[in-house]
Amino acid sequence: MYHVLKGLYLRFSPIHHRLSTVAGATPPLKSDIRRFSQPLSVSPPPLTMSTSPSTAASSSSNCAKTTTKDADALRRDRILSSKLYFDVPLYKAPIIYSTSYDIAFLGIEKLHPFDSSKWGRICQFLIANGVLDKTRIVEPLEATKDDLLVVHSEAYLRSLKSSLNVSMITEVPPVAVFPNCIVQKKVLYPFRKQVGGTILAAKLAKERGCAINVGGGFHHCCANRGGGFCAYADISLCIHYAFIRLNISRVMIIDLDAHQGNGHEKDFSDDRRVYILDMYNPYIYPLDYEARRYIDQRVEVPSGTTTEEYLVKLDEALQVAEHAFDPELVIYNAGTDILDGDPLGRLRISPDGVTTRDEKVFRFAHDKNIPLVMLTSGGYMKSSARVIADSIINLSTKSLISMGGTPRKN
Ligand SMILES: [Zn+2]
């Protein structure tokens with residue numbers, strides 16, 4: 001399955017051009033613009049308006065509208081009363097991290113092909129290099145249940161009280177045998193801190209031009225389903241907070257993790273305020289063909305794609321994206337499982353290729369003065385932390401991120 005090679009391709013609809021909607025308004029349907037990834041012979045959708053609507057149908061429709069309105073108002077209230085957005089002093093760097101991110105769970109984390117202390121090691125490399133002062137790191141708050149309910153259903157959050165379910169989402173079978181209170185503390189709490197970091201990153205990016213959450217990027221989780229090590233939909237949450245708190249109405253997700261970002265794709269399937277550029281290996285997890293229909297710009301990079309091939313495709317994709325959509329915020333999901341040797345991503349990108357990739361995306365946003373949030377997402381090898389740190393150092397050297405504000409006054 002992983003070795004089936006097919007040509008790269010990129011599909012783009014010129015219809016999806018300079019979309020503009022009002023912040024906080026009911027999202028318009030995306031259905032008229034995402035169909036370019038389907039055959040042109042698809043039959044037109046049935047008419048939705050009847051010439052003689054029945055009273056029952058009308059009543060049902062009104063009821064649905066009221067329910068949607070109530071849900072929107074509740075979501076807005078939750079976002080406005082959240083504590084996740086807080087003022088970050090100017091001396092802090094736009095780097096968000098907490099030691100709570102790192103997962104250490106009685107040694108069983110070693111069973112997963114995931115360097116679960118990657119996030120802390122990235123910061124250690126940055127500090128050792130001298131590019132980041134420890135005191136300038138921004139510590140986020142944990143996303144509370146109310147924060148999570150902005151996107152997730154009560155039923156989904158309840159399902160995380162089952163250790164068996166969490167073990168399936170994290171793909172660490174032994175998690176199933178632990179009492180849920182331990183699973184919450186050792187696994188889900190670190191994730192909730194990372195979610196808080198992703199949400200805060202949008203506020204910081206708007207203030208500073210860009211911000212990096214040294215974690216997050218759980219792009220396989222949607223409102224009512226987790227998977228692929230992703231228990232919370234941090235990208236969807238971050239965007240909903242930005243809609244309400246930052247008065248932003250157009251967001252571009254640039255998802256360059258090796259895997260398809262089916263979580264945010266499902267969450268924004270019908271929302272024209274969100275443009276999704278996803279560059280992924282189509283022959284690996286999650287193989288979510290339904291979610292692929294919701295990607296605005298698909299760039300498929302099959303197993304074995306080399307650095308040179310990858311960067312050419314990225315250049316083309318960013319050129320297309322630039323003319324397709326005019327975002328007010330870019331969410332960059334910068335997974336490093338594209339690295340050569342990664343057993344899950346199956347691509348062949350060199351460490352320098354990752355640095356170049358990140359620089360291209362930062363320049364894309366920087367040149368147009370668009371705030372950018374970077375999330376580290378997947379990347380499953382011990383070498384990932386070093387590669388990410390080297391890339392951030394390069395961004396700092398090229399003045400694409402400023403690691404220090406005004407000097408701290410003691
Ligand atoms: Zn991935």
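The values are calculated or read from the model by the stated rules, or taken from the named source; none is laboratory data. Not measured: the values here are computed from a predicted model. With ideal geometry, Cβ positions are generated from the backbone for all residues, glycine too; neighbour counts draw on all protein chains shown.
A few points about this structure:
- Hits in the range 273-323 (condition: without any contact (Cβ under 8 Å) to a residue 40 or more places away in the chain, among the aliphatic types (A, V, I, L, M) and not in a strand (DSSP E or B)): LEU287, ALA291, VAL312
- Any hit, the range 309-327, residues being within 16 Å of the ligand (Cβ to nearest atom) and of a type in the set (Lys, Arg): no
- Being in a helix (DSSP H, G or I) and either buried (at least 24 other Cβ atoms within 10 Å of the Cβ) or in contact with a Gly (Cβ under 8 Å, 6 or more places away or on another chain) (or both) is a description that does not apply to ALA176.
- Residues of the range 379-399 satisfying the condition of being surrounded by 20 or more Cβ atoms within 10 Å (Cβ to Cβ), under 14 Å from ASP340 (Cα atoms) and of a type in the set (Gly, Ala, Ser): GLY379, SER384
- Residues of the range 328-361 that are within 12 Å of the ligand (Cβ to nearest atom) and under 21 Å from the mean Cα position of the chain (by Cα): ASN333, ALA334, GLY335, THR336, ASP337, ILE338, LEU339, ASP342, LEU344, GLY345, ARG346, LEU347.
- Condition met for ASN369 (away from the ligand (no atom under 16 Å from the Cβ) and assigned to a loop (DSSP other than H, G, I, E, B)): yes
- Test: residue in the range 181-188 that is surrounded by fewer than 24 Cβ atoms within 10 Å (Cβ to Cβ), more than 23 Å from GLY228 (Cβ to Cβ) and of a type outside the set (S, T, N, Q): yes
- Qualifying residue in the range 278-294 (condition: among the hydrophobic types (A, V, I, L, M, F, W, C) and more than 15 Å from the ligand (Cβ to nearest atom)): no
- Per-region count, the range 229-272, residues outside any loop (DSSP other than H, G, I, E, B) and either within 14 Å of the ligand (Cβ to nearest atom) or of a type outside the set (A, V, I, L, M) (or both): 16
- Restricting ALA64, ALA73, ALA57 to those that are among the small types (Gly, Ala, Ser), part of a helix (DSSP H, G or I) and either under 23 Å from ILE212 (Cα atoms) or at pLDDT 90 or above (or both) reduces the list to ALA73.
- Among the residues listed as ASP288, ASP358, ASP326, the single one being among the charged types (D, E, K, R), under 14 Å from GLY261 (Cβ atoms) and either in contact with a Leu (Cβ under 9 Å, 6 or more places away or on another chain) or surrounded by fewer than 21 Cβ atoms within 10 Å (Cβ to Cβ) (or both): ASP288
- Among the residues of the range 380-400, the one identified as more than 16 Å from the ligand (Cβ to nearest atom), of a type in the set (S, T, N, Q) and in a loop (DSSP other than H, G, I, E, B) is SER399.
- Index of the failed condition, SER377 passing every other in (1) farther than 26 Å from ARG245 by Cα; (2) in contact with a Leu (Cβ under 9 Å, 6 or more places away or on another chain); (3) among the hydroxyl-bearing types (Ser, Thr, Tyr); (4) part of a loop (DSSP other than H, G, I, E, B): (1)
- Pair list, Cβ under 6 Å, 6 or more apart: the range 188-204 residue on the phi < 0 side of the Ramachandran plot, other residue among the polar types (S, T, N, Q): PRO190/SER100; LYS193/SER98; LYS193/SER100; GLY197/ASN213; THR198/ASN213; ALA201/ASN213
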